[in-house]
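In what follows, a structure is listed as structure tokens, so that the remarks can point back to it.
The values are calculated or read from the model by the stated rules, or taken from the named source; none is laboratory data. These numbers were taken from a predicted model, which means no experiment stands behind them. Neighbour counts are summed over all protein chains in view; Cβ atoms, including those assigned to glycine, are modelled from backbone coordinates with ideal geometry.
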Amino acid sequence: MKNELHADRILIVDFGSQVTQLIARRVRESGVYCEIHPFNAVTADMVRAFDPKGIILSGGPATVTEATTPRAPDELFEMNLPVFGICYGEQTMVSQLGGAVTLSDEREFGRAHVDITDDCVLFEGVWKSGENHQVWMSHGDRIDQLPNGFRAVATTESAPFAAIANDDKQFYAVQFHPEVVHTPDGAKLISNFTHKVCGCGGDWTMSAFKDEAIQKIRDQVGSGRVICGLSGGVDSSVVAVLLHEAIGDQLTCVFVDHGLMRMNEADEVVTLFKDHYKIPLVHKDVSEMFIGKLTGVSDPEKKRKIIGGLFIDVFEAEAKKIGGADFLAQGTLYPDVIESVSFTGGPSVTIKSHHNVGGLPERMNMQLVEPLRELFKDEVRDLGRELGLPDSFVGRHPFPGPGLAIRMPGAIQPEKLDVLRKADAIYLDEIRKAGLYDEIWQAFAVLLPVQTVGVMGDARTYDNVCALRAVTSTDGMTADVYPFTPEFLGRVSNRIINEVQGINRIVYDCTSKPPGTIEWE
Ligand code: XMP
């Protein structure tokens with residue numbers, strides 16, 4: 001169903017790039033709604049039904065120099081719609097429109113500089129002919145000959161057609177990646193495409209989304225009852241407040257307190273929702289039961305299964321106590337529903353069993369309410385601000401459902417949970433004091449089942465090792481290690497060892513994802 005908010009929309013055709021989601025985020029940031037669809041699901045009929053104002057062809061790992069690699073449907077270039085090709089998207093556009101692409105000996109990966117050789121609508125207000133600008137390249141193919149009607153507007157030494165334009169057809173393409181931050185002006189180029197080329201307005205805002213979402217929730221729920229599992233994380237908090245604005249006391253939130261939360265977290269959740277927002281909240285403290293069942297368990301998958309199973313049992317029992325519900329609200333986000341292109345083929349292996357309320361809707365005969373299904377995480381945060389949620393909730397680092405249980409490798413020792421909580425709180429306190437919290441996707445302490453010898457004062461110590469983890473990421477799928485200064489790490493290490501009894505050594509985890517995962521278990 002289309003309406004104002006979704007009227008001006010962009011279709012992103014996914015050829016399997018690692019960063020396709022970033023294209024969508026840049027388009028959304030320009031105030032325009034967009035969706036990502038895999039290239040093999042895009043047909044002329046699908047495009048007509050979707051009715052976009054323009055199309056973006058993403059990058060991808062394939063080479064157009066092979067006959068069987070992905071293509072856009074040829075009709076897509078005959079629909080009188082603007083098209084913007086990025087990297088592989090440029091190569092397939094050129095190849096499909098009659099130009100020549102070859103596999104280059106000179107592959108370009110990483111930072112590069114483009115010379116702007118001509119004016120172009122994509123560059124308006126940012127780049128001028130004769131200037132030189134930094135971009136991010138990642139390609140092996142090279143364009144040797146442009147199709148009819150195209151001109152080059154930017155070049156690099158190894159990519160003579162780094163940006164090309166066919167103004168009559170409104171076809172534009174770049175060899176580099178404008179969607180990544182390493183192309184500092186890239187967002188502006190994408191915004192020029194959505195607004196100046198495609199003529200989209202800027203209707204996609206979280207304020208407009210909020211109003212529409214509230215109406216949709218009312219239409220879906222009617223006078224039904226909704227239950228929502230609150231975890232203290234950003235997504236479930238935003239869902240709860242949004243639903244409460246939409247349907248008031250038809251909503252009940254259930255907070256299953258498994259005793260594996262961080263320092264003061266359970267109190268903060270209860271205070272905010274029950275006392276401040278006056279949202280009907282069932283606070284079920286089942287920490288003893290959870291920790292009883294987990295004590296001594298060391299297998300990571302077993303920990304997750306025990307927690308997931310108990311969580312569902314408690315949630316279901318509480319839902320029944322309040323007389324049941326017709327709907328279950330969930331904080332499903334857009335990245336969870338995008339059907340992304342997999343070039344490895346076959347179902348992907350389960351790395352970790354994520355803990356959620358899976359299976360519950362069927363068991364309890366409830367329908368799902370998922371008001372955040374169209375949003376990226378940063379949009380959820382904006383929506384949270386729009387709803388008046390405090391920054392301390394909206395800006396929170398993600399926290400896994402199984403909580404501290406998966407930050408204590410080896411056997412769960414209840415008496416050690418507080419040691420871990422204290423170390424974690426000091427680490428986050430120092431990160432906040434240094435003004436680094438918002439730069440980091442996730443930071444936390446892990447208590448290792450390893451004891452080492454130390455010396456404090458004149459005495460020998462034999463205590464646990466604590467590992468610190470901090471990563472930057474855009475979606476949690478890949479992550480880079482946060483580069484703290486040695487001074488910062490030294491300060492945190494001193495404080496933890498001095499203030500937390502039971503830890504005498506700190507190590508910093510410098511593993512990116514892949515090959516590591518963000519959590520240790
Ligand atoms: P990994 O460790 O797989 O984590 O690299 C990626 C992101 O997911 C979070 N995570 C979870 N979130 N339930 C959740 O709600 C879980 O069981 C779970 N396990 C990991 C993790 O904190 C990171 O943000």
**Study point:** All positions within segment 16-35 that are of a type outside the set (S, T, N, Q), at pLDDT 95 or above and not in a helix (DSSP H, G or I)
**Key:** G31, V32, Y33, C34, E35
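If a residue counts only when it is away from the ligand (no atom under 16 Å from the Cβ) and modelled with pLDDT of 90 or more, which helices (runs of 4 or more DSSP H) contained entirely in segment 319-401 have at least 3 such residues? Walk me through it before giving the result.
Numbers: elements: 334-337, 360-363, 377-386, 391-394.
By residue number, 377-386.
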Check your understanding: Can you pull out the residues in segment 52-69 that are in contact with a Pro (Cβ under 9 Å, 6 or more places away or on another chain), within 20 Å of S138 (Cβ to Cβ) and not small (G, A, S)?
Key -> V64
Review point. G292 passes all but one of (1) free of Cβ contacts under 8 Å to residues at least 24 places away in the same chain; (2) touching a Phe, Trp or Tyr at 6+ places or on another chain (Cβ under 9 Å); which number fails?
Key: (2)
Review point. Checking R421 against (1) surrounded by 15 or more Cβ atoms within 10 Å (Cβ to Cβ); (2) part of a strand (DSSP E or B); (3) basic (K, R), which single condition isn't satisfied?
Key: (2)
Check your understanding: Only one residue in F77, F84, F123 is over 28 Å from the mean Cα position of the chain (by Cα), touching a residue at least 24 places away in the same chain (Cβ under 8 Å) and closer than 16 Å to F161 by Cα. Which one?
Key -> F123
Exercise for review: Kindly indicate whether any position in segment 408-416 is within 16 Å of the ligand (Cβ to nearest atom), in a helix (DSSP H, G or I), under 23 Å from N464 (Cα atoms) and in contact with a Phe, Trp or Tyr (Cβ under 9 Å, 6 or more places away or on another chain).
Suggested key: no
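Checking the condition in contact (Cβ under 8 Å) with a residue 60 or more places away in the chain, of a type in the set (G, A, S) and more than 20 Å from K196 (Cβ to Cβ), which residue from A112, A49, A72, A44 passes? Show your work before the answer.
Working: A49 fails: in contact (Cβ under 8 Å) with a residue 60 or more places away in the chain; A72 fails: in contact (Cβ under 8 Å) with a residue 60 or more places away in the chain; A44 fails: in contact (Cβ under 8 Å) with a residue 60 or more places away in the chain.
Of the residues listed, the single one that is in contact (Cβ under 8 Å) with a residue 60 or more places away in the chain, of a type in the set (G, A, S) and more than 20 Å from K196 (Cβ to Cβ) is A112.
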Study note, to complete from the structure: Restricted to segment 92-107 and to residues being at pLDDT below 95 and polar (S, T, N, Q), the residue surrounded by the fewest Cβ atoms within 10 Å (Cβ to Cβ) is T102
Review point. If G259 passes every condition in (1) surrounded by 17 or more Cβ atoms within 10 Å (Cβ to Cβ); (2) over 25 Å from the mean Cα position of the chain (by Cα); (3) in a helix (DSSP H, G or I) but one, which one does it miss?
Key: (3)
